[in-house]
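Accompanying notes for the structure given below.
The values are calculated or read from the model by the stated rules, or taken from the named source; none is laboratory data. Worth saying up front: this structure is predicted, and the values here are computed from it rather than measured. Cβ coordinates were reconstructed from backbone atoms using ideal geometry, including for glycine residues, and neighbour counts include every protein chain displayed.
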């Protein structure tokens with residue numbers, strides 16, 4: 001099995017590139033989901049705060065007289081389009097006091113707005129023992145009031161109010177002309193404009209002479225002294241002024257019903273079927289200044305007006321505690337234009353958020369003069385998902401566009417680059433396999449991958465490179481064969497004289513015997529090899545026990561024989577035994593000494609020191625001279641490295657220190673070079689013999 005083809009190393013760049021695209025797409029989706037989840041959490045917290053604000057606002061509104069008026073009159077606004085009395089949150093109206101009646105109708109919100117800056121409030125008190133009266137209050141704009149003279153039979157020459165009440169098959173109709181008051185005003189309640197009574201006469205009797213006024217009919221009118229048009233002078237009687245009036249209407253049917261039972265039914269059950277018609281008439285036959293028959297432009301406040309306070313989806317249920325009757329349910333309006341994708345809404349709903357599944361509810365009890373009401377407000381957290389999904393649906397296009405762009409870039413790179421790179425790699429692997437199988441070189445066909453783009457240029461360059469490599473390999477094979485033949489010839493020619501010299505200097509005591517053995521070993525190492533570097537790396541050494549003290553003393557004494565003078569050995573006198581090949585170690589020391597000789601200062605000594613430890617021995621060879629360049633101190637042990645120009649021509653092939661490092665490694669030791677203040681020191685470490 002070809003384990004090389006199962007390795008992931010040749011595919012790691014492609015896997016990394018694809019993983020990067022997958023990670024980018026996953027990160028894009030994850031970032032979008034994370035942002036949406038955080039926005040959902042923030043939106044839910046904001047919704048909780050808004051829900052509490054809505055609860056407080058609704059409760060405060062219902063506790064206000066305006067809200068109590070809506071609670072006491074829960075009919076829909078459409079049913080109250082006609083003018084019907086409302087049950088007021090007051091026992092009665094102090095109709096003859098301007099400030100009190102204005103404050104009451106304003107706070108209760110029962111004023112319905114009409115055209116011509118008019119308004120009307122028609123109601124009954126919540127206390128039946130205050131009498132069966134209907135109260136009317138309103139405003140209108142008109143010219144300065146024209147009063148009616150008491151005793152005058154004609155009433156249509158003065159400002160007047162015409163009122164009609166219909167209920168239970170009966171009708172009551174009054175005409176109340178304005179009569180200016182001559183009574184002094186109460187201190188502290190002064191009114192600068194015109195004021196006076198509205199004296200009520202039955203409509204059927206008003207034409208009769210000396211028609212009596214209706215006893216229980218009461219009414220007042222107050223006109224502002226200032227003109228509504230600020231450009232007009234206040235003393236101009238024709239300018240328009242605002243007037244406020246209030247009436248108390250005696251309704252006999254209601255008064256009689258109060259005494260029919262011990263506990264009367266109040267408010268009347270047919271309150272919404274009591275029709276009231278009011279018209280404020282100017283002197284003469286002019287158009288009414290205020291006519292309830294035209295219909296209100298803005299009705300009075302009702303429970304339906306609470307809807308704008310509710311958030312989308314929130315529901316407000318009001319129930320009367322006395323009998324458990326539930327008023328119409330109010331639901332916050334949902335904007336139909338907020339459209340979102342269903343899957344986005346579903347996804348947002350499934351995003352985890354703290355306390356999101358806990359229902360939001362709030363209960364309040366509102367006390368009114370007619371009884372207490374329970375108000376239940378329910379929140380709708382789905383609106384959070386809906387509102388957020390509207391925004392998220394717009395972001396889906398952006399996220400989708402990013403994913404599409406990443407996918408498109410991935411496909412372009414996959415088809416336009418990676419596929420061609422795979423073909424290029426496969427053909428390069430085929431070339432390598434053929435080189436290994438045939439021990440030669442065959443050029444790959446890359447013509448179909450050439451082109452004008454970057455990869456095409458790379459394929460063209462690779463094709464040219466392979467062609468040149470093939471040519472170089474062929475030349476190298478020829479050169480290696482020639483070099484091998486040369487080494488065979490040189491070795492053969494040198495070995496014969498060495499054999500003769502070995503016979504002449506066969507005694508081990510002869511100093512020449514040692515150098516002849518070293519020459520023979522060198523010839524055996526290099527003989528039959530294609531290159532010196534291969535020869536040195538494949539050589540086998542005979543590692544034995546060597547006395548380093550005696551060995552280094554001998555090297556220092558005989559260094560002058562090889563042209564290296566002034567070499568001194570410094571070390572302990574006792575023997576230090578280490579594991580090494582004596583001839584190879586001598587080659588190592590000789591190569592280092594030759595480098596030290598080449599660079600030392602003239603006349604300076606070369607010192608060899610020996611130190612031992614429990615497990616090793618250290619040989620230091622030091623000379624005085626220039627230091628090794630910092631960028632070269634790690635390269636001097638490589639094959640062919642030399643700072644001598646034309647080193648090959650002068651016999652310096654740059655292999656001495658390479659041989660030293662190779663032999664030291666085969667003997668289980670190391671060699672390093674160190675710069676010192678006054679020169680360079682080579683340090684050799686060997687293992688001590690057990």
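Taking the criterion of being part of a helix (DSSP H, G or I), in the same structural domain as residue 374 (by TED's automatic domain parsing), at pLDDT below 85 and touching a helix residue (DSSP H, G or I) at 6+ places or on another chain (Cβ under 6 Å), would at least one residue in region 21-35 satisfy it? Scanning region 21-35, I find at least one residue that is part of a helix (DSSP H, G or I), in the same structural domain as residue 374 (by TED's automatic domain parsing), at pLDDT below 85 and touching a helix residue (DSSP H, G or I) at 6+ places or on another chain (Cβ under 6 Å), so the answer is yes.
Of the strands (runs of 3 or more DSSP E) contained entirely in region 112-154, those carrying at least 3 residues that are surrounded by 23 or more Cβ atoms within 10 Å (Cβ to Cβ), outside the structural domain of residue 369 (by TED's automatic domain parsing) and modelled with pLDDT of 90 or more fall at 118-124, 133-142.
Given the residues 626, 645, which is the only one that is assigned to a loop (DSSP other than H, G, I, E, B), surrounded by fewer than 17 Cβ atoms within 10 Å (Cβ to Cβ), modelled with pLDDT of 90 or more and assigned by TED's automatic domain parsing to the domain that holds residue 675? Selected residue: 626, the only one of 626, 645 that is assigned to a loop (DSSP other than H, G, I, E, B), surrounded by fewer than 17 Cβ atoms within 10 Å (Cβ to Cβ), modelled with pLDDT of 90 or more and assigned by TED's automatic domain parsing to the domain that holds residue 675. Give 437, 444 a once-over and let me know the one that is loosely packed, with under 14 Cβ neighbours inside 10 Å and modelled with pLDDT under 75. Only one candidate qualifies: 437.
Here residue 367 clears all of (1) surrounded by fewer than 17 Cβ atoms within 10 Å (Cβ to Cβ); (2) under 30 Å from residue 84 (Cβ atoms); (3) at pLDDT 85 or above; (4) in contact with a strand residue (DSSP E or B) (Cβ under 7 Å, 6 or more places away or on another chain) except the condition numbered (4).
Scanning region 91-105 for residues that are free of Cβ contacts under 8 Å to residues at least 40 places away in the same chain and either touching a helix residue (DSSP H, G or I) at 6+ places or on another chain (Cβ under 9 Å) or outside the structural domain of residue 289 (by TED's automatic domain parsing) (or both) returns 94, 104. Scan region 254-276 for residues that are at pLDDT 80 or above and surrounded by 17 or more Cβ atoms within 10 Å (Cβ to Cβ) and the total you get is 6. A residue that is in contact with a strand residue (DSSP E or B) (Cβ under 6 Å, 6 or more places away or on another chain) and exposed (fewer than 15 other Cβ atoms within 10 Å of the Cβ) can be found somewhere in region 86-103.
Listed by position, the strands (runs of 3 or more DSSP E) enclosed by region 240-335 that each have at least 1 residues that are assigned by TED's automatic domain parsing to the domain that holds residue 388 are 315-320. Go through the residues of region 586-607 one by one and say whether even a single one is crowded, with 17+ Cβ neighbours inside 10 Å, more than 22 Å from residue 685 (Cβ to Cβ) and assigned by TED's automatic domain parsing to the domain that holds residue 553. The answer is yes, given that some residue of region 586-607 is crowded, with 17+ Cβ neighbours inside 10 Å, more than 22 Å from residue 685 (Cβ to Cβ) and assigned by TED's automatic domain parsing to the domain that holds residue 553. In this structure, residue 229 does not satisfy being assigned to a loop (DSSP other than H, G, I, E, B), in contact with a helix residue (DSSP H, G or I) (Cβ under 9 Å, 6 or more places away or on another chain) and either surrounded by fewer than 20 Cβ atoms within 10 Å (Cβ to Cβ) or not assigned by TED's automatic domain parsing to the domain that holds residue 139 (or both). Per the conditions (1) in a helix (DSSP H, G or I); (2) within 18 Å of residue 685 (Cβ to Cβ), the sole criterion not satisfied by residue 583 is (2). For region 598-605, the criterion of being at pLDDT 85 or above, in a strand (DSSP E or B) and out of contact with any helix residue (DSSP H, G or I) (no Cβ under 9 Å at 6 or more places or on another chain) is satisfied by no residue at all.
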